[in-house]
Amino acid sequence: GPKVICLDIVDTKTGEITGCNGEFIHGTDKPESVGKNQSKGCVRLNNADVENLAKWLSVGQYVLIRE
């Protein structure tokens, strides 16, 4: 996709970033794959949606992902 947002591991007690687990939020041109367990933890969005999300985020900002 056009954008890739890296998800760091954050210690929930201290708020300290402890590393990167290789999971990302990224765009895809395959809308049938959105919302499916087809990768190792990545969150796939439609390309337009990830472009829009990236406009709202800044480096170091927390992202909460819920089911």
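Is it fair to say Val10 is touching a residue at least 24 places away in the same chain (Cβ under 8 Å), open to solvent by less than 60 Å² (accessible area, probe 1.4 Å) and touching a Pro at 6+ places or on another chain (Cβ under 8 Å)?
No: the conditions fail for Val10.
Do we find a residue being open to solvent by 90 Å² or more (accessible area, probe 1.4 Å), modelled with pLDDT of 85 or more and touching a helix residue (DSSP H, G or I) at 6+ places or on another chain (Cβ under 7 Å) anywhere in the range 42-65?
Among the residues of the range 42-65, not one is open to solvent by 90 Å² or more (accessible area, probe 1.4 Å), modelled with pLDDT of 85 or more and touching a helix residue (DSSP H, G or I) at 6+ places or on another chain (Cβ under 7 Å), which makes the answer no.
Considering only residues that are part of a strand (DSSP E or B) and either of a type in the set (A, V, I, L, M) or touching a residue at least 24 places away in the same chain (Cβ under 8 Å) (or both), which ones fall in the range 13-43?
Scanning the range 13-43 gives Ile17, Ile25, His26, Gly27, Thr28, Val43.
The values are calculated or read from the model by the stated rules, or taken from the named source; none is laboratory data. What you see is a predicted model; the values in this text were computed from it and never measured. No Cβ is skipped: glycine too gets one built from the backbone with ideal geometry, and neighbour counts run over all protein chains shown. When the accessible area is computed, the model is the full protein with side chains, heavy atoms only, and any ligands, DNA or RNA have been set aside. Shrake-Rupley method; radii C 1.70, N 1.55, O 1.52, S 1.80 Å.
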